[in-house]
Amino acid sequence: MLESFPCFIATDKLAAAIEKAGLSGVAFESVEISVSDNVDASSFRLKLPHFVRLVPEGEAGVNDFGTSEGRLVVSERALKVLKTASLRRAEIEPFERPPG
């Protein structure tokens, strides 16, 4: 999964796992991914997977996916599915509902 504020990107494999788990508060849209002109893509042997835009539509702390102050908030159930993907650089911390 990738984040480029305010956009969240997932592989189609992860999106399928999220849908299979029946998680709430999330939709997926097509997205165009390109490699920067500053990168010589021919020198890499990496093949990029197909990506989709992950759109959190739920209420943070209520649905499985939501946002709070621009940050992605997921339930424990959703986090378990997300951890099947690569989250090596993700900052994961408990959600505390803002006062008010």
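The values are calculated or read from the model by the stated rules, or taken from the named source; none is laboratory data. Because the structure is a prediction, the values reported are computed rather than measured. Every residue, glycine among them, receives a Cβ derived from its backbone with ideal geometry; neighbour counts consider all protein chains shown.
Residues of segment 26-55 that are surrounded by 13 or more Cβ atoms within 10 Å (Cβ to Cβ) and either modelled with pLDDT under 95 or over 16 Å from residue 80 (Cα atoms) (or both): 27, 28, 31, 51, 52, 53, 54, 55. Residues that are surrounded by 11 or more Cβ atoms within 10 Å (Cβ to Cβ) and out of contact with any Phe, Trp or Tyr (no Cβ under 9 Å at 6 or more places or on another chain) within segment 68-96 comprise 77, 79, 80, 81, 82, 83, 84, 85, 86, 87, 90, 95, listed in sequence order. Listed by first and then second residue, the pairs with beta-carbon distance under 6 Å, at least 6 apart or on different chains, first residue in segment 14-27 and on the phi < 0 side of the Ramachandran plot, second surrounded by 20 or more Cβ atoms within 10 Å (Cβ to Cβ) and part of a loop (DSSP other than H, G, I, E, B), are 23/64; 24/64.
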